[in-house]
1. In which sequence would Thr146, Thr271, Thr175, Thr450 go, from the one with the fewest C-beta neighbours within 10 Å to the one with the most?
2. Return the aspartates and glutamates within reach of Lys415: Cα separation strictly under 17 angstrom, same-chain partners fewer than 8 residues apart disregarded; answer none if there are no such residues.
3. Computed FRET efficiency, Cβ-Cβ of Glu9 and Glu129, R0 25 Å: what is it to the nearest 0.05?
4. Quick one: order Lys31, Lys415, Lys321 by neighbouring beta-carbon count within 10 Å, fewest to most.
5. Label Leu296 and Asp446 with points 7 Å out from Cα along Cα→Cβ: what is the distance between them in nm?
6. Apply 1/(1 + (r/R0)^6) to the Cβ-Cβ distance of Arg43 and Thr2, taking R0 = 25 Å, and write down the FRET efficiency to the nearest 0.05.
7. Give the long-range amide H neighbours of Val148: residues separated by 5 or more places, or on another chain, with amide H under 5 Å away, using H modelled in the peptide plane at 1.01 Å from N.
8. Taking 7 Å along the Cα-to-C-beta vector as the label spot, tell me the Gln414-Ser492 distance in nanometres, rounded to one decimal.
Amino acid sequence: MTETIRIPELGDDTNDLLNGLNARLDDLAAKNVKLDASYDAERNLSRTFGGVVPEQYYRLGLVLGWSAKAVDALARRCNLDGMVWPDGDLDSLGYRELWDGNRLGAETDQGITSALIHGLAFVVAAQGEPGEPGGLVHYYSASNATGVRNSRTRRLENLLAVNERDEDGSPSALTLYLDGRTVTASRDGGKWEVEDDAHHPFGVPAAPLVYRPRLNKPLGRTRLTRPVLGIQGAATRALVRLEGHMDVYAYPEFWLLGAGIDVFKNADGTTMSEMQRLLGRMKGIPDDQHEDDPALARADVKKFDASSPEPHLAAINAYSKLFARETGLPDSAVAITDFANPTSGESYDASQYELIAEAEGAVDEFDPALQRIVPMALAMQNGLSEVPPEWASITPKWRDPRYQTRAAMADAGQKQLAAVPRLAETEVGLELLGLSEQQIDRALADFRRTESRALLRNLSQGDGGEVPAEEEPSLNERATAFGAMVRSGATSESAAQFAAGQITIDQIVMRPGFMPVTIRSESSED
């Protein structure tokens, strides 16, 4: 029975809402536990009483990890590379601090895995406390969070997140997200107390991360469907039967006609053990001297060959292919025979096309949650009272679900850059060439340093005469020079004067503690 939670600081209506959400969690607990157990390979074998398999074989711990394979194979193709903002500079908003402080890439991977197991997960934005990132992004499993979705706004009206549970599985710490209000409470000695009751202008700062939603089930469905679990259960029972076969029927049988077991004796006259008889390499049985009929005096041995395990292996292989068809995996992911490695990149893509298409569809469904929550966390980090409308273009950037070689990516990128040469030195162009994010950052930084040095030499040349209009630095070049000077230690006023061409490089004033070791005129270069 669901435990009733009463928090004195909350009103009756809010307590009723809290208990209703907690009751829904309890109603779904058995289903969620089964899904978790199937993914963790803790329970994927149902006993079949009255069958041919002895009961003790069910205690051998024979399991198959196909459920985890189905989830992980898709999750590993849904990789968040980061957020992009075509209309602005994310780093100026503190995006790097948000990404690193929340381990957003790794946390999103875990959220996606949980969404694939249960059908959905929840992503939440929160204001950071002292010592924490200014904006926090948390993920909750459907086992520990639930809420009510508004079908008109397609957003959550509330969310209950269980932060801790006691030994009996009852909530001992929770957070209730309401419209403009977030309440955190915990139980101490059987009494619930509010730890924090924060009001904010961000509505309900939570969104569902949904896999495979449809009109009748807008909160998605699990990847571990009944057909998937049923096929895995049948395959596990076939594995158990194979194990029993190996114990009972894998050895050839010998029938000894005309003699008893007592003819196999040790030197001291004791009867040999069964293992000694099986391992003996040379066995001799004397004729029966008391038998009058010579045809019956000599013992006869009949051999019956061992039964082949092939039927069991064929059954497991058939189940594996059924499982692969149901989950969109290639046969090579689970089958044990009757498959061939792809002969080319095109044939490899053809073998993976269902999984690739599934990954592309999944990330499209994950987009809305991240597009709503990450800008909200950035707004909290920057002390804003709302998410600026200009941030609506901040969107997730996902890695290509196709596994391509660097050579193939570079070749395709070169062909695209040849069609649009202006992309060559942009971040997009470097992405098309297959460079990693770290390599792109380093390359762009090198480009900026090279341009800054060239601009500094250009600005520091001459004897104070007029600069021809066609050679006068552009506004963008002057801004670059100003930034280079400030980073090098120049005062803001001196940097602005130099960028405007009002002073020469040897007249730059440095801030206290800075030495102009990174600024060299032409005469000082080797």
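Just so it is clear, none of the values below were taken in a lab; they were calculated from the coordinates. Not measured: the values here are computed from a predicted model. Cβ: placed from backbone, ideal geometry, glycine included. Neighbour counts: every protein chain shown.
1. Values: Thr146 25, Thr271 13, Thr175 22, Thr450 10.
Least crowded to most crowded, the residues run Thr450, Thr271, Thr175, Thr146.
2. Glu425, Glu427, Glu431
3. Details: r = 20 Å, r/R0 = 0.79.
Efficiency computed from Cβ-Cβ geometry: 0.80.
4. Details: Lys31 14, Lys415 10, Lys321 18.
Fewest to most other Cβ atoms nearby, the residues stand as Lys415, Lys31, Lys321.
5. Going from the Leu296 label point to the Asp446 one covers 9.7 nm.
6. Details: r = 24 Å, r/R0 = 0.96.
Approximately 0.55, to the nearest 0.05.
7. Placed amide hydrogens put Glu157, Asn158 under 5 Å from Val148.
8. 4.8
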